[in-house]
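Take a look at the structure set out below.
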Amino acid sequence: MSLRPTADPVEVAASLGPLIRAHAGETEAGRRLARPVVDALLDAGTFALNRPIAFGGAEIDPITMFRVVEELARHDSAAAWIVAVSLMGNVFLTYYPDEGVEEIYGWPRLVMSGAAHPIGRAERVDGGYRLTGQWQFFSGCEVSTWWHAKAVLAGGDGESAQMYLCVPADPDCVVDTWHTLGMRGTGSHDVRLDGVFVPEHRAAVMPPRPRSAAFSGPLYRLTVWPPVALMAVPALGVARAAIDELLDLAATKTANFGGALASRASTQRQVAEAEARLGAGRALLFEAYASAWEAALGGEAIDLPLKQRMQLAGTHAANEAAAAVDLVCIAAGSSAARMEYRFERLWRDVKTITTQAFCSPGRYESVGQVMLGVPTDWPFFNL
């Protein structure tokens with residue numbers, strides 16, 4: 001389902017908050033996003049935010065997309081993450097032949113999941129390819145309807161031999177590997193495929209082919225960059241939730257030593273610094289993507305300096321959000337360790353988010369390489 005034309009996507013996301021919170025425990029314990037939450041997100045059109053209008057999507061701007069994912073993460077980071085991963089899948093569909101795009105978008109209640117590493121192997125056969133491999137961090141693989149995976153073409157060489165292939169999700173191919181500190185509800189297990197046939201129209205050989213008319217809008221001129229940033233955005237929602245939880249706690253808690261929590265100078269300093277870190281990280285992200293969106297609307301090329309700034313903004317947003325949660329947990333004291341509060345899960349989740357390649361501290365180095373004019377280790381600067 002697509003979003004209602006008059007609906008504010010952020011307000012729609014906020015309206016789902018009580019349902020998402022009600023199932024957060026089930027999501028965490030089951031290590032997959034609870035089915036009622038998946039269905040509610042589908043009914044709201046959230047998975048179609050960046051789908052082309054030609055295929056019933058909203059094709060919204062990046063900032064609105066970020067605000068939706070941020071709002072979802074206030075209630076459950078797993079819900080935000082699964083939406084972000086599926087939205088990334090919509091962007092990768094720009095690489096596929098028209099017939100494949102039409103088939104996938106014609107699928108009812110579409111949720112996408114995908115992974116690129118370790119790179120699998122595709123063997124050319126009559127009518128398509130045989131795909132074999134085992135990919136890690138396949139977030140949402142148990143609740144998605146389509147999977148896309150990266151492979152190298154057997155007998156090929158160089159970048160032209162790399163490709164993406166899309167297959168219907170198969171629960172029997174999920175390998176239970178997702179046992180983690182945080183973000184448990186994302187169900188980011190391995191997926192193993194052994195010689196699965198993929199027709200030609202559901203294979204995208206890199207470098208990408210020219211896009212179809214459905215993907216001609218300004219949103220798609222930004223290529224993969226909005227979804228890259230979306231991997232950082234859940235951290236913003238988690239940090240917002242943590243600060244709000246601390247404010248609620250401070251209104252009632254009196255420490256065994258030190259008096260009312262709200263009256264302590266350390267709490268006052270920590271909550272203010274947490275707010276500043278979150279606000280600054282968020283502001284840089286939104287400013288960078290507002291500039292990118294303006295360039296896309298004007299038909300300008302997304303050049304390396306802009307890509308570098310977008311990557312820096314995403315990395316900084318996630319890591320400043322994590323620093324804010326650290327401050328909150330210090331201020332909350334022993335309450336941060338107690339499972340009847342949300343602090344411990346929020347801390348676990350935000351720390352796990354910052355291990356993801358798109359927003360890990362290592363991306364500061366990738367940006368610094370561009371700034372210093374030395375070879376970069378980050379292939380997304382080429383997209």
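The values are calculated or read from the model by the stated rules, or taken from the named source; none is laboratory data. Being a predicted model, the structure only gives us computed values, none of them experimental. Cβ sites come from the backbone with ideal geometry, for glycine too, and all protein chains shown count toward neighbours. In case anyone asks, the SASA skips ligands and DNA or RNA and just uses the protein heavy atoms, side chains included. Shrake-Rupley method; radii C 1.70, N 1.55, O 1.52, S 1.80 Å.
Quick notes on this structure:
- Considering only residues in region 296-311 that are assigned to a helix (DSSP H, G or I), more than 16 Å from the chain's Cα centre (by Cα) and of a type in the set (A, V, I, L, M, F, W, C), the one that is surrounded by the most Cβ atoms within 10 Å (Cβ to Cβ) turns out to be Ala296.
- Of residues in region 90-117 being part of a strand (DSSP E or B) and at pLDDT below 95, the one surrounded by the most Cβ atoms within 10 Å (Cβ to Cβ): Ala116
- Region 73-89, residues that are in contact with an Asp or Glu (Cβ under 9 Å, 6 or more places away or on another chain) and open to solvent by less than 10 Å² (accessible area, probe 1.4 Å): Ala73, Asp76, Ser77, Ala78, Ala80
- Residue list for region 153-169, filter: over 22 Å from the mean Cα position of the chain (by Cα) and either crowded, with 22+ Cβ neighbours inside 10 Å or closer than 22 Å to Ser86 by Cα (or both): Gln162
- Filtered by the rule that a residue be outside any helix (DSSP H, G or I), open to solvent by 10 Å² or more (accessible area, probe 1.4 Å) and of a type outside the set (Gly, Ala, Ser), region 40-61 gives Arg51, Glu59, Ile60, Asp61.
- Any hit, region 342-354, residues being touching a helix residue (DSSP H, G or I) at 6+ places or on another chain (Cβ under 7 Å), crowded, with 17+ Cβ neighbours inside 10 Å, modelled with pLDDT of 95 or more and part of a loop (DSSP other than H, G, I, E, B): yes
- When Leu153 is tested against (1) among the aliphatic types (A, V, I, L, M); (2) within 21 Å of Val38 (Cβ to Cβ); (3) modelled with pLDDT under 95, only condition (2) is not met.
- All positions within region 253-278 that are open to solvent by 40 Å² or more (accessible area, probe 1.4 Å), out of contact with any strand residue (DSSP E or B) (no Cβ under 9 Å at 6 or more places or on another chain) and not in a helix (DSSP H, G or I): Asn256, Phe257, Gly258
- Only listed residue being open to solvent by 60 Å² or more (accessible area, probe 1.4 Å), under 30 Å from Val125 (Cβ atoms) and of a type outside the set (Ser, Thr, Tyr), chosen from Phe215, Phe197: Phe197
- Test: residue in region 174-194 that is modelled with pLDDT under 95 and open to solvent by 30 Å² or more (accessible area, probe 1.4 Å): no
- Conditions (1) touching a helix residue (DSSP H, G or I) at 6+ places or on another chain (Cβ under 9 Å); (2) more than 24 Å from Ser139 (Cβ to Cβ); (3) open to solvent by 20 Å² or more (accessible area, probe 1.4 Å): number failed by Ala331: (3)
- Thr64 falls short on exactly one of the conditions (1) crowded, with 21+ Cβ neighbours inside 10 Å; (2) within 16 Å of the chain's Cα centre (by Cα), and that condition is (1).
- Output for region 279-295, where each listed residue is open to solvent by less than 10 Å² (accessible area, probe 1.4 Å) and closer than 16 Å to Leu236 by Cβ: Gly281, Leu285, Ala288, Tyr289
- Residues that are free of Cβ contacts under 8 Å to residues at least 40 places away in the same chain, in a helix (DSSP H, G or I) and of a type in the set (D, E, K, R) within region 355-383 comprise just one, Glu365.
- Subset of region 312-328 (residues that are among the hydrophobic types (A, V, I, L, M, F, W, C) and either open to solvent by 20 Å² or more (accessible area, probe 1.4 Å) or not in a helix (DSSP H, G or I) (or both)): Leu312, Ala323, Leu327
- Flag: Ala242 matches the condition of being out of contact with any strand residue (DSSP E or B) (no Cβ under 7 Å at 6 or more places or on another chain) and either open to solvent by less than 60 Å² (accessible area, probe 1.4 Å) or not polar (S, T, N, Q) (or both).
- Residue among Ala29, Ala78 that alone is in a helix (DSSP H, G or I) and either at pLDDT below 95 or farther than 16 Å from Leu230 by Cβ (or both): Ala29
- Odd one out for Pro108 among (1) within 15 Å of the chain's Cα centre (by Cα); (2) under 26 Å from Tyr164 (Cα atoms): (1)
- Qualifying residue in region 153-160 (condition: among the charged types (D, E, K, R) and touching a strand residue (DSSP E or B) at 6+ places or on another chain (Cβ under 9 Å)): no
- Members of region 355-366 found to be surrounded by fewer than 22 Cβ atoms within 10 Å (Cβ to Cβ) and either at positive phi or in contact with a helix residue (DSSP H, G or I) (Cβ under 7 Å, 6 or more places away or on another chain) (or both), listed by number: Phe358, Pro361, Tyr364, Ser366
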